[in-house]
Amino acid sequence: MPDAPRRLLAGWGMTAPTAAEVVPLDRAGAALAYPGPRGVVARGLGRSYGDAAQNAGGTVLDSTTHDRLIAIDPATSTAQVASGVSIDRLLRRVVPLGFFVPVTPGTRLVTIGGAIAADIHGKNHHRDGSFAGHVQSLTLATPTGTRALEPDRDHELFWATAGGMGLTGAVLDATITLPPIETSLLRVDTDRTADLDGVLALMDEGDHRYHYSVAWIDCLARGRHLGRSVLTRGDFARLEDLPRDRRDRPLDYDARIKIEAPPVFPSGLVNPWTMRVFNEAVYRTAPRRRRDELQTIPQFFHPLDAIGGWNRMYGRRGFLQWQFVVPFGAEDTLRHVIEGLSQAGAGSAFAVLKRFGPADPGPLSFPAPGWTLALDFAVVPGLNDLLDRLDTDVVAAGGRVYLAKDSRVRRSLVPTMYPRLNEWRAIRDAVDPDGVLKSDLDRRLDLTGHWATTTQEAM
């Protein structure tokens, strides 16, 4: 678009920056009507790890400029929110009123539009499903017009948008449900397990008793300690659970950045040796068994947000996150993956395991019943080859990777990982028959089916 500034954009992993013209979301109508040959995609706070919110040589709609609407209705426990509002900002409004968000990922610094486009999940998927399952309605700007969507009335397009990575249109606003809370503190139980079998058994047997559950795994441990873990599970505390001296202000909420990462870190600081030391410290300092510890919302849900710009710790080469899910019954595949990472010395400080419940209806929504493991890796030689081999194992077990985290999966695996891809393409093409909506992720993986002959085709 004329007069639009050109900016270099990257995902949170900082691995593949590209330049695009960036315009405010309130100019979505003009951008979609006159897109240029490289097309348009919306972008929030840039917390997709890879290239989902990038569009090399094209137009990017900045939804963070569209963040003024936050209308809370306590009577119906709902919020109507502009797509550029972050979960962080929403929490600051609703927690003091006695509400929480229905789903939050490991960072609160994502927009509502991004939460829908990636159909984000959290520590409560086994109980509450993904984010889109709590969206009552949304407004979507598409190349063929602006649509007001509800999940029952507009089932196909609504669910193609949920998890559709921005390729069905730009979300303008949404109405979501807000679960009530009595306090802003969580009552948390911690268990340290000696191996993978131990944590799987605890989660399988007891996760249904908790609203939130997540396990940190030491993926460098070997032998009889393979997969040793620290499992934390919790629920929001009731007022009667608090000490008397904390009951006068039960809904206090304070989420601050406590330390800012330096602007430059040397590449190589995150390596197998430092990861081994870090993982040993995390495991050894965790309690073997602790019950009813009170933790704040930032402590339990968003610990890394306390470090501003923590992604810079991986150095100039950046990092990638790999998250996959395999179905229940494929525990041998999960074990094989962890063994492969351990043998290769592919350490991750942030390796988290969760149990997924039933899937959303979205054809490209990631969660499915089973085990999901997410890991961060510094970019080093040989890492892609290792993950390519492990991808093959995940697919063979009936699993898939999360597109919102991906920056390197082979294109040829995507139709197997997401067997309803053609169904999604048909719904998408009905609202974008001219292929206006484009992104670097789409070009790399050919999600829309428009890039099959490009040189990026991966075998």
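Being outside any loop (DSSP other than H, G, I, E, B) and β-branched (Val, Ile, Thr) is true for just one of 214, 270, 264. Which residue is that?
Values: 270 fails: outside any loop (DSSP other than H, G, I, E, B); 264 fails: outside any loop (DSSP other than H, G, I, E, B).
Selected residue: 214, the only one of 214, 270, 264 that is outside any loop (DSSP other than H, G, I, E, B) and β-branched (Val, Ile, Thr).
Does residue 137 satisfy being within 26 Å of residue 347 (Cβ to Cβ) and assigned to a strand (DSSP E or B)?
Numbers: within 26 Å of residue 347 (Cβ to Cβ): no; assigned to a strand (DSSP E or B): yes.
No; evaluated as a whole, the condition is false for this residue.
In region 101-116, is there at least one residue being hydrophobic (A, V, I, L, M, F, W, C), more than 28 Å from residue 426 (Cβ to Cβ), open to solvent by 20 Å² or more (accessible area, probe 1.4 Å) and at pLDDT below 95?
no
Return the only residue of 37, 17 being more than 30 Å from residue 381 (Cβ to Cβ) and open to solvent by 40 Å² or more (accessible area, probe 1.4 Å). Don't jump to the end; show me each part of the working.
Working: 17 fails: more than 30 Å from residue 381 (Cβ to Cβ).
Exactly one of 37, 17 is more than 30 Å from residue 381 (Cβ to Cβ) and open to solvent by 40 Å² or more (accessible area, probe 1.4 Å), namely 37.
May I ask you to list the residues in region 418-442 that are surrounded by 23 or more Cβ atoms within 10 Å (Cβ to Cβ) and part of a helix (DSSP H, G or I)?
424, 428, 440, 441, 442
Please find, among 347, 340, the residue that is outside any loop (DSSP other than H, G, I, E, B) and closer than 29 Å to residue 274 by Cα. Walk me through it before giving the result.
Details: 347 fails: outside any loop (DSSP other than H, G, I, E, B).
On inspection, the qualifying residue turns out to be 340.
Please enumerate the residues belonging to region 75-99 that are open to solvent by 10 Å² or more (accessible area, probe 1.4 Å), part of a helix (DSSP H, G or I) and under 16 Å from residue 111 (Cβ atoms).
88, 89, 92, 93
Quick check on residue 23: is it touching a strand residue (DSSP E or B) at 6+ places or on another chain (Cβ under 7 Å) and over 30 Å from residue 377 (Cα atoms)? Break it down stepwise before answering.
Working: touching a strand residue (DSSP E or B) at 6+ places or on another chain (Cβ under 7 Å): yes; over 30 Å from residue 377 (Cα atoms): yes.
When the stated conditions are applied, residue 23 passes them.
Can you name the condition, by its number, that residue 329 falls short on among (1) over 21 Å from the mean Cα position of the chain (by Cα); (2) over 28 Å from residue 368 (Cβ atoms); (3) surrounded by fewer than 17 Cβ atoms within 10 Å (Cβ to Cβ)?
Result: residue 329 passes all but (2).
Tally up the residues in region 284-304 that are modelled with pLDDT under 95 and buried (at least 18 other Cβ atoms within 10 Å of the Cβ), please.
Here the count works out to 0.
The values are calculated or read from the model by the stated rules, or taken from the named source; none is laboratory data. This is a predicted model, so every value here is computed, not measured. Ideal geometry is used to build each Cβ from the backbone, glycine not excepted, and the neighbour counts take in all protein chains shown. The area values use the complete protein model at the heavy-atom level, side chains included, leaving out ligands, DNA and RNA. Shrake-Rupley method; radii C 1.70, N 1.55, O 1.52, S 1.80 Å.
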